[in-house]
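The values are calculated or read from the model by the stated rules, or taken from the named source; none is laboratory data. On a predicted model such as this, the values are computed, not experimentally measured, just so you know. A quick note on method: Cβ atoms are made from the backbone with ideal geometry, for glycine too, and the neighbour counts reach across all protein chains shown. These area figures cover heavy atoms from the full protein model, side chains too; ligands, DNA and RNA do not enter into them. Shrake-Rupley method; radii C 1.70, N 1.55, O 1.52, S 1.80 Å.
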Amino acid sequence: MKHLLSINDLSKVDAISILDTAEKLARVSDGPMKKLPTLRGRTIVNLFAEDSTRTRISFEAAAKRLSADVINFSAKGSSVSKGESLKDTAQTLQAMGADAVIVRHSASGAAQRLADLEWMSGSVINAGDGTHEHPSQALLDAFTIRKHLAKGADDLTGLRVAIVGDVLHSRVARSNVLLLTKLGAHVTLVSPPTLLPVGVSSWPVDIAYDFDSLLESVDVVMMLRIQLERMSDLFFPNAREYSRYFGLTKDRLQKLKPGAIVMHPGPMNRGLEITADAADSARSVIVEQVTNGVSVRMAILYLLLAGSAGEIAL
Ligand code: NCD
């Protein structure tokens, strides 16, 4: 495999191998020697044409723990703000000898376009393209769910996951639906009808409009950020109304079954899709998702750039 553009690029076996590799690499991160020499001499470029905190820092930490050189490139302060196209920017980076380009862009399909360029010799990793996909986020979410709830199984068979909120604008939701169902989980989308995409009825999921009806049966509640920056229209009456029906509140939190976990990819709109009590509760694994993101991204870089996981000497 050369690129990671979509969860559709991965078979179930590939996905499990990334999760297993991440588990081995997490042990490295926990140990006293955080660095592996695997990618010494390789150059990885973080090309972020859209805001990001976690994903960019996480890929940077992952690359550095594998001893790669990292070039951080953000649209602000670069020629992208002078109107230079993504293609020209990428060509410049390629000319500097990038072995991998990690790209975030507001246009759906941006990562695919880079990968399709004839002269693009490095690997392209999609770190979020518009409302389309965010595969490394889904992999770190699956890793986190597996760690808490899979009871020794290597996949997520039998687990029930509710993905709640702004599905329409969420690349995290799209990648998670593809990955979690591939790994055997049962996914229900919970959202007002206005925030569901056209064609959602063909997705391999159930759809619910009543969040309360699911609270006692799900193992995982994955909250989505309301993506105000992608909304040109009014999708719900007001914030209070939204929270009342679709927010994870203290009351709802208390109705979850024992052992159920609460997730959110960040950044959170506290008080809108999730209250502070829920975000900071003992059931919340939100901070742990960030930690796991580094190991999972190490695994992705490892498998794309260094070959099979069998080589990891631990
Ligand atoms: C997500 C993203 O950018 O798609 N965040 C992230 O990568 N941690 C989700 C979001 O912005 O809501």
Can you send over the carbon and sulfur percentage of the accessible area for the chain, probe radius 1.4 Å, protein chains only?
52
Long-range amide H contacts for I226: which residues qualify at under 5 Å (H placed 1.01 Å from N, peptide plane, sequence gap of 5 or more or a different chain)?
N269, E273
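Provide E288, E133, E23 ordered by accessible surface of protein heavy atoms (probe 1.4 Å), highest first.
Details: E288 50, E133 5, E23 75 Å².
Most to least solvent-accessible, the answer reads E23, E288, E133.
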Output the antiparallel fraction of DSSP beta bridges having both residues in the chain, as a percent to the nearest 5.
5
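With contacts defined as alpha carbon pairs under 8 Å and 6 or more residues apart, what's the relative contact order of the chain in percent? All intermediate terms of the calculation are to be shown ahead of the outcome.
Numbers: 580 pairs, mean separation 65.0, N = 314.
This gives 21 percent for the chain.
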If Lys and Arg each add +1 and Asp and Glu each add -1, what is the summed charge of the other residues whose beta carbon sits under 9 Å from the beta carbon of L253?
+2
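Largest first, what is the accessible-area ranking of K12, K147 with a 1.4 Å probe?
Largest to smallest exposure gives the sequence K147, K12.
Could you give the accessible area per residue of the chain, probe 1.4 Å, as a whole number in Å²? Mind dumping the intermediate values first?
Working: 13500 Å² over 314 residues.
Heavy-atom accessible area per residue stands at 43 Å².
Pull up the DSSP beta bridges for the range 135-289 and report the antiparallel fraction as a percent, rounded to 5. Spell out each step's value before the answer.
On the way: 0 of 18 bridges.
So the antiparallel bridges in the range 135-289 amount to around 0 percent.
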Compute, for R160, the solvent-accessible surface of its heavy atoms (probe 1.4 Å) with the complete set of protein chains present, and express it in square angstrom to the nearest 10.
100
Hey, if you put +1 on the Cβ of every Lys and Arg and -1 on every Asp and Glu Cβ in the range 1-142, which of T21, T92, Q137 ends up farthest toward the positive end of that dipole?
T21
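With n ≥ 4 as the cut-off for DSSP H runs, can you work out [θ] at 222 nm for the chain, using -39500 (n - 2.57) per run divided by the number of residues, rounded to the nearest 500? Intermediate results must be reported in sequence, preceding the final value.
Values: 10 runs with 113 residues, N = 314.
Taken over the chain, the calculation gives -11000 deg cm²/dmol.
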Return one number: the angle in degrees, 0 to 90 and rounded to the nearest 10, between the long axis of the Cα atoms of helix 54-65 and the longest principal axis of the Cα atoms of the chain.
40
